[in-house]
Each structure stands twice: as structure tokens, then as C-alpha cells.
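K.L.:
What follows is a single structure, and I will ask about it in a moment.
The values are calculated or read from the model by the stated rules, or taken from the named source; none is laboratory data. Nothing here was measured: the structure is a model prediction, and the numbers come from that model. Using ideal geometry, Cβ is built from the backbone for each residue, glycine included, and neighbour counts are taken over all protein chains shown. Just so you know, the surface numbers come from the protein's heavy atoms only, side chains and all, with ligands and any DNA or RNA stripped out. Shrake-Rupley method; radii C 1.70, N 1.55, O 1.52, S 1.80 Å.
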Amino acid sequence: MKRILIITLLFVSTFITNSCKYYNFTGTGKIDAKTFQVNYFQNNAELIEPGIERDFTLALQDLIQNQTNLNLVTSGGDLRYEGEITGFRISPMTATADQRTAQNRLTFTVNVRFTNMKKEEDNFEKPFSFFYDYPANNQLVGATLAAAKQEIFERITQDIFNESLAKW
């Protein structure tokens, strides 16, 4: 009985150890690249929010660093992310009975060009977009803007990660 338990434990530990080289907890599978670069995302949106291009670029860099073991470089990366912010738009979403806006929606759109120097068939250019709804009586500054950027950036950067590395 003791031998069966030892053999079972040995089998399970071998299976777990070997499967981790093909799959990890972020869902990326095996990445042939060792480095990545995220070029500065220029803000080409009609409505300009100062600093949003820097914040988005840093958010994408942070997500990739936190979810992979790739090294961030400033040039010559095996994986390259670049693009531009094409939309930062506020629009009314719902109205009250007296024809006033009750809720606004901030929509953020970014066009991303992904280049995989090791595997050209993975390259793509694609827009990513997400939104944040907030009460119309709030101004899009301070805590409201910070919450909007956090939620939007979290969603869009994860979508970019999934499209480029996780293949979801």
C-alpha cells in the first residue's frame, strides 16, 4: 500500500512539473521570446486628456511584466507593441424624465500594432476599446477620472495581452 502511494505521488509530481513548462497560470503557454518593448502610444484622439498616453503605455508595460517573465527593453525587443490612442470620448447614456443626462460614458479606444520578431504569423494591427459609465453630476476629474482610467486600462491591457500572448 505504501509503494502505491509513493508511486502515485511520484507520478502526480512529475506530471505537474512537466506541464508547467507548457502552460502557466496566466494562460500564455510557451513564449519563445525573451524581451518585449512597448513604444510610446501617441495620443491622436480628438479630446485630449493630458498624460493619458504615458499612463496607458506604463499600464501595458506593467501588465506584461507582471504576467510573464519577459524582460522590458527600449529597443530591439522580440515582441513589440506600438500604436496610438484614437478615441477618448464622453457621451450621454441615459436621461431623466426632465430631459437631463443622468449618466455619461467615457469610451477609450487604442489602435495596437503587435509584432512578434520570432513568429510573424502572430503579428496583428487591431483596435481595442472599452468604456466607463459615471453619474452625469460628477465631473471627469480627480477620483472619477482615476477610477475610469484604472477600469478601462485594466480591461484593454488584458485584452491586448490575451490577443498577443494568450491567444484567447
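K.L.:
For the stretch 78-105, enumerate the residues that are at pLDDT below 95, in a loop (DSSP other than H, G, I, E, B) and not hydroxyl-bearing (Ser, Thr, Tyr).
P.N.:
Passing the criteria: Ala97, Asp98, Gln99, Arg100.
K.L.:
Could you check, for the stretch 131-146, whether at least one of its residues is open to solvent by less than 40 Å² (accessible area, probe 1.4 Å), touching a strand residue (DSSP E or B) at 6+ places or on another chain (Cβ under 8 Å), at pLDDT 95 or above and not hydroxyl-bearing (Ser, Thr, Tyr)?
P.N.:
No, the stretch 131-146 has no match at all.
K.L.:
Contact list please: Cβ distance under 7 Å, first residue in the stretch 113-133 and closer than 19 Å to Gln42 by Cβ, second residue surrounded by fewer than 14 Cβ atoms within 10 Å (Cβ to Cβ) and among the aromatic types (Phe, Trp, Tyr), pairs at least six apart or on different chains.
P.N.:
Pairs that qualify, where the first residue is closer than 19 Å to Gln42 by Cβ and the partner is surrounded by fewer than 14 Cβ atoms within 10 Å (Cβ to Cβ) and among the aromatic types (Phe, Trp, Tyr), are Phe114/Phe124.
K.L.:
For residues in the stretch 50-60 being open to solvent by less than 30 Å² (accessible area, probe 1.4 Å) and of a type outside the set (Val, Ile, Thr), which is farthest from Arg80 (Cα to Cα)?
P.N.:
Top of the filtered list is Gly51.
K.L.:
Out of everything in the stretch 117-130 that is modelled with pLDDT under 95 and among the acidic types (Asp, Glu), what residue ends up being surrounded by the fewest Cβ atoms within 10 Å (Cβ to Cβ)?
P.N.:
Filtering the stretch 117-130 for residues that are modelled with pLDDT under 95 and among the acidic types (Asp, Glu), the one surrounded by the fewest Cβ atoms within 10 Å (Cβ to Cβ) comes out as Glu121.
K.L.:
Moving to a separate point now. Quick check on my filter: what residues within the stretch 1-58 are part of a loop (DSSP other than H, G, I, E, B), at pLDDT 65 or above and of a type in the set (Lys, Arg)? Step through it out loud before you land on a result.
P.N.:
Restricting attention to the stretch 1-58, the residues satisfying the condition of being part of a loop (DSSP other than H, G, I, E, B) are 1, 20-34, 39-41, 44-51.
Applying the additional criterion that residues be at pLDDT 65 or above yields 1, 30-34, 39-41, 44-51.
Lys30, Lys34, listed by residue number.
K.L.:
From Val73, Val38, which residue is crowded, with 19+ Cβ neighbours inside 10 Å and β-branched (Val, Ile, Thr)?
P.N.:
Values: Val73 fails: crowded, with 19+ Cβ neighbours inside 10 Å.
None of the others qualify; the one that does is Val38.
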